[in-house]
Every structure is written in C-alpha cells, then in structure tokens.
Amino acid sequence: MLLGAASTTVLSQASSRLSPGRVRGTITDSTTGQPLAYTNVLLKGTQFGGVTNSEGFYHIAAVPPGNYVLVISHLGYETRSVPVSVWEDLITTADVLLIPTEIKAQEMIVQGERPRHLDDSNLKMAKITAQEVSMVPAGAEADIFRTLQTSPGVGATSDVSARYYVRGGASDQNLVLLNGATVYSPFHTLGIFSVVDPEAVSLLEFYKGGFPPSYGGRLSSILNIVTRDGNRNKLEGIASASLLSGKAAVEGPIPDGSFLVTGRKSWYSDIMKKYLGNQDAPFDFYDLTWKLSYAPPAIDKNSKFAFHGFLSGDQVLHHDPSQEDYLIHNTIVGMNWHKIWSNPLYSMVSVSYSGFDAEVRPNESAAKPRKNRVTDVTANWDFTYLYDTRDELNFGLQSQFIGTSLALENVYGNRFSFDQRGVDVSAYADYRFYRWDRVSLSVGIRFKWVAISEIRPILFEPRFSLTWKALPWFSLNGAAGIYSQEMLTLADEGELISIFEPWIIVPDYLNSALAYHLSVGAKLDWLNILSTEIEAYYKPISNLAVSNPNKYLPTDRDLINADGLSYGLEVLTQYQSVETFARLSYALSWASTTILGQTVIPRYDVRHALGILVGRDLGGGWEGSVSWTLRSGMPLTPVIGFYDQVQFDPAQGVYDTGPQTPVTVWGAHNSIRLPLYHRMDVSVSREFRLAGTSLKLGASILNLYDQKNIFYFDRVTGKPVYMLRFLPSISVRVQL
C-alpha cells in the first residue's frame, strides 16, 4: 500500500532548521464521491509528492513549512491546483474533488512535475482499471480474467477457459481476493468467465511475482479486486445486456455514505455452444455483488467502514437422468474498517467469511457422487506508519480459520470423506526506504506462528526488492522472496474442460509447497507517453502435490510430492496519448515438473507468446479496439494405439467373456506440441447521450479471420477439435 511518496531531493541545510510538517487528504470524484486510487499528488515546484492508495488517501511527509500549490492529476480528470500552507510539526489536510473529462486515454500529468517516487512494490504490481477491462474485445461477455491474459507471463490453455496460469504455475497457485476476502471458485460456466461483474469493479491490483509480505498463501500470483463505492451524490441505475446475460446495477447515497448493488443472470446458454464445438451447453449462472460504504463524521471523521457481500451460483443441468448435474456456489460477506490516525499511521481492519460449495449429482449416469465444501473465516489487522525521513513501515497480523470437506464414492460404491480443519496465524513487517535520491529498498518478512497443514511450511518467508534509478529515464529493479501454499485443488490436467475441482488442505503425509522467486528487470521511460519494461525471472518450486503415477493398490497414496521449475523473460511496451492506448507484449518461458525423477512439462508451458492491443478514441462517442495474439502450440499427449481390455468381475471372481472394452494407449506425457496459435479480435462501441440518459451500443468479433486453432484430437476418430471459431457479439448498456 503506497501512502507516502518518496521525495528525490535532499532538503537543504537552511530548510532543515525548522521541523517539517505533513500534507494529507483524500481525492474523490466530484460527480460520484468515488475515491480515486493511484492519483498523482505533487507540491508544485518541488519533488515532494505522492500517489493515493486504493481508498484515495495520500500522505506527503517531511515538507518544509511554507506556502505551496498542490497539483492533483488523474486519468480522465481535469488537473487541479489547490493552495496549501504547511506549518511546523502540524498536519495539513487537503481533501480534493476532481472533475471528470471526456479524455479517457491520457493521464493528466503536469509536464516535468511528475513525482519520481521509486516504490519497488508498485513496480511489481500491475494496476488495471475498469477502462482497460472494457478495452479488451469481449466475446459473449466482458471479463476481467481475459484482461489479465493480455499481460506477458500470464497464459491460458484454451479459448474455452478464462483460467490463467502465471509464470509456469498451476491455476490453483493464484490467489483471487474480493475486497480482501478469498474467492475459491472465481469462474463461471466451466471457467469461461469470471464470477465478478466488471460493472462492480473499481480497480484490479495484480502481482505476478515478487509480491510483498502482506500477502501469503499462494505460490504464483495475487489478484485483489476492489469494488466501487456507490454514488454519494445521486441515485443512479444501470442496465445492460449481451447475448449471454442480462445485468443491472443500482447505487446512490445514504446518510454519511453510499450503497452499490449489481446483479447478473445468464439467459441464453446456446451461445456457449460456440465455445464448446457446438456441443450441448445447459449452463445457468448468476452473481450478486453489494457494498455499503459508511463514513460517519459524528463518530469519527477519519474512519470509513465498508460492508460488502458477494453471491454466485453455477448449474450444469442436463435434464436427462442419464447424465450427471453440477452445482457450484460462492458466498462472501465482510467488513473493512479504514482509519487515519492523528499521528502518521494508517490502518485497515478486515473481517470476512468466504464459503464454497460444489457438488456432482450423478442421477442415473455412471458418474460418482462428489461433494466439496470450504469454510474460511479471516481477520486481518494491517498498518502503515510513515516516518519524517519518508520511509514507510507496513506491518500487520493476519489470522485465518479454514475447514474443508470432500465426500467421494469409489468404484465399489463405498462412500468416504476427508474432513480437515486448520488455523493460520501470520505476522508480517515490511520496511521501505524512500530517503535516498536514486535508490529505494524494501526489506520484509512474513512469520508463520501457526500453520494450516500438519507438516508446516517454512517458518520465515523473507522478501526483498530494490530499485535503482540510474538515469531520469532508466531504472533497474530486482526482487527475491520465499512463498508457501497449504491448500490445493484436485484437478486432472488431462481433463481439457474441468467443472469439479475440489479444494483441500495439504494432506498430513505431504510437505507443503514452497516457491522461491527471483527476478531482475529494467524500465525505460522513452517519453512521457511511451515506456518499456523488461524482466527476467527464475522460480523453483519444491513439494508440489501431484497425483501418484504409481498408485496400484488401495493402500498407495493418492498424492506425492514433486518439484517444479519455471523461468523466462518478459517485455512490455506501452504507448499512451490523448486518443490512443497501445500495448505490445512478449514472453519467452519454460516450465517443468519432476515427478519420481522424471521431468515432464505441463500443458500450460508455452514457449513464445506475443500480444498486441490497441484502443482508440475515434471521436463523436465512438471507441474501437483490436487485439492480436500469437503463441507457440501447447503440449499434447499423443494417442499411439488401442487394445481390447478384458473386464474382471471381482464379485464372481471370473473374467467377463462378453464384448471387450477398447482402451487408449497413450504416448509420452505432453511429448508433442499443437501447431502455432494465432487469433485477432476487434470491437467497436458508440455512446449516445439523451436527456440525461447514457446509451452505449457495442459490437465485437472474436477470431476475426476464423483461424482453426486446434484444441485437441478426438480420441475415437482422431479428428481435430477446434477452439473458438468466428464469433460475433453485441451488447447494450443504459445508464440513468
């Protein structure tokens, strides 16, 4: 969390004779009262400045007493200049409202006065706004996870799934948080879309490695989704529809606060056939998000309370007794308390409940009944203290109670269950040095007092990052750390489309997984509107839990420990002008897993990946975007033959002499690759304003030139099954 920003100028001896003061406040949207995260704040004519946090709060420390002009600038808002007076040993509060403009692509920065803070954690975190989500061409539905897949180092195994894989890590190694609460099943309809409606999102904070010690529990990445506050000034309603779903949102003021409620419901599942090769797609889903923000000045003018909740449900109902049905549900409820103390201390206390339920109902099919439940109660106390040297100390205590239950039935009809409970109590501290002109340093540690799993992971998880600004336009950075994970999903990589992926705590007979992150990189600011980032990473993983390939007897373990390794190079170039946003990304990567001495590559190992995204304001209310993806073919396990299997009847103790069952003979695991993958998507939209009402019409086409990208080969016929083909879509959005 960035509250104070680093100054890059050492105070003169004359200025230091007086004790410095401080400037702090909150930046909000003048029309809605929405806090504006990551807004640039600068004292004009100096190098004293900062960037607001996710709640729009900023703090500038160690300012020499005097009169200044505070310059505030943010993407899509008019830049404001506000006079402020700073007094010795006192805090000056300056809350500022920003007025939105029609410019959506340019960050309104005063030339030559951008605060040159060197926040190393900020370099490791990608801040994704709602505008960027809308810029990626949508298919049947706009989606935040497909926006993540445009980042280098983030991949997917098919067009069918929005599941993402970060730097060679499995999908369950990614932590998804909604206002700080864990979302255990963040996907709708076979993983094709995110369960979180983009309409409710304020911003996405995404770490794909090297994340600070305030986060734990996963090996690969962190995605924190922050939902919007409601409109504090007026009652507002939004309704929109696509070919897949309809949704509505309502927001408005309440005494000393605001509320927001958004809901989405599927209504036309036939479009999903396009994603599944025209197979039957009896999907049905819904999600509901709500947030109540309350800041009572009569109780405490420096406190803000946010009560939030989330519900989602997915059903696959075939209405056919011969086929199984699937039911999946998420439930989240929580409270966040943000507090600005009289001294330079900021705190956030959060308490949340997250529940996940998944069930397979076999009906009269050959499938077996399965049921999974996760109960998660989490309480976090997070603090940030700011020093006069502009250094920053982040520290906190985080506790989590988790229970998992998995009920199964084996081939003989015997039912059994695995029930596990665990408590995690962790503390962390992260000291960030911002006192120097060209160097910023962050040294932190995460300490685990109590672990969820029986064989506890490492007790201390050190984290380190460094940034050196060698030139005004060129900086180098590096990060290292140790990360642990004590929960996993029982997923079969061989299943191309997986619905039931139960969560469990690592079994008592296994070690918990550990990952070691090491990355080095550079950033070049060619112009104020053009930058390039280059980063190389190396990530060995020990004690991964994988299926036991040598399980032959009921007494053999289902899971064993294995080791993993991933490394690569990523390049990201971004251009941002008044009308145009463009991004060019490239990733070169390797991933492998070593099981019982044999090294194999996972399905999500992609050697080369190139992505281009261009969005442009076309004028007159028109906007357009185009994206193009080119990547190496994914690994595939080949079929090398078949044989007829004679079935043994254990009840009779004899072999079945009837018709024999053909069995597939597989080649070496993921030993071949599919052909090169490439696809182009385009979208266009037009906004109309009529009598205080905003109407936005949109159209998009996925796979514009209908490229036949192979998904897999049919096991029976050997014919290729293709991924998403040419798919047009339309949408409409009305805001009152």
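The values are calculated or read from the model by the stated rules, or taken from the named source; none is laboratory data. Quick caveat: nothing in here was measured; it's all calculated off a predicted structure. Cβ placement follows ideal geometry from the backbone for every residue including glycine, while neighbour counts extend to all protein chains displayed.
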Residue in the range 321-346 that is surrounded by the most Cβ atoms within 10 Å (Cβ to Cβ), counting only those that are hydroxyl-bearing (Ser, Thr, Tyr) and at pLDDT below 95: TYR346
Segments classed as strands (runs of 3 or more DSSP E), wholly inside the range 524-621, with at least 3 members that are aromatic (Phe, Trp, Tyr) and in contact (Cβ under 8 Å) with a residue 40 or more places away in the chain: 580-595
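Let's see how each residue does on (1) over 26 Å from SER352 (Cβ atoms); (2) within 23 Å of the chain's Cα centre (by Cα); (3) aliphatic (A, V, I, L, M):
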position: PRO369; (1), (2), (3): yes, no, no
position: THR378; (1), (2), (3): no, yes, no
position: TYR387; (1), (2), (3): yes, no, no
position: ASN394; (1), (2), (3): no, yes, no
position: SER399; (1), (2), (3): no, yes, no
position: ALA407; (1), (2), (3): no, no, yes
position: ARG421; (1), (2), (3): no, no, no
position: TYR428; (1), (2), (3): no, yes, no
Subset of the range 172-224 that is small (Gly, Ala, Ser) and in a loop (DSSP other than H, G, I, E, B) - its residue that is surrounded by the fewest Cβ atoms within 10 Å (Cβ to Cβ): GLY217
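Results for (1) of a type in the set (Ser, Thr, Tyr); (2) within 23 Å of the chain's Cα centre (by Cα); (3) at pLDDT 90 or above; (4) more than 21 Å from SER134 (Cα to Cα), shown as yes or no for each residue.
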| site | (1), (2), (3), (4) |
| --- | --- |
| ASP558 | no, no, no, yes |
| TYR567 | yes, yes, yes, yes |
| TYR586 | yes, yes, yes, yes |
| PRO602 | no, yes, yes, yes |
| VAL606 | no, yes, yes, yes |
| LEU630 | no, yes, yes, yes |
Pairs where the first residue, in the range 48-69, is free of Cβ contacts under 8 Å to residues at least 24 places away in the same chain and the second is small (Gly, Ala, Ser), C-beta under 7 Å, 6+ apart: ASN67/SER85
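When you check SER465 against the structure, is it surrounded by 14 or more Cβ atoms within 10 Å (Cβ to Cβ) and free of Cβ contacts under 8 Å to residues at least 60 places away in the same chain, yes or no? So that I can check it myself, show each step before the final result.
On the way: surrounded by 14 or more Cβ atoms within 10 Å (Cβ to Cβ): yes; free of Cβ contacts under 8 Å to residues at least 60 places away in the same chain: no.
No, not satisfied.
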Residue that is surrounded by the fewest Cβ atoms within 10 Å (Cβ to Cβ), among those in the range 374-421 that are of a type in the set (A, V, I, L, M) and more than 18 Å from PRO212 (Cβ to Cβ): VAL411
Pair list, Cβ < 8 Å and 6+ apart or interchain, from the range 143-156 residues that are touching a residue at least 24 places away in the same chain (Cβ under 8 Å) to residues that are among the basic types (Lys, Arg) and outside any loop (DSSP other than H, G, I, E, B): THR150/ARG583; GLY155/ARG631
In the range 32-61, the residues that are surrounded by fewer than 23 Cβ atoms within 10 Å (Cβ to Cβ) and over 16 Å from ASP95 (Cα atoms): LYS44, GLY45, THR46, GLN47
Residue count, the range 476-492 (criterion: buried (at least 22 other Cβ atoms within 10 Å of the Cβ) and out of contact with any Pro (no Cβ under 7 Å at 6 or more places or on another chain)): 6
Strands (runs of 3 or more DSSP E) within the range 301-393 that include 2 or more residues aromatic (Phe, Trp, Tyr) and within 30 Å of GLN34 (Cα to Cα): 303-316, 345-361, 370-386
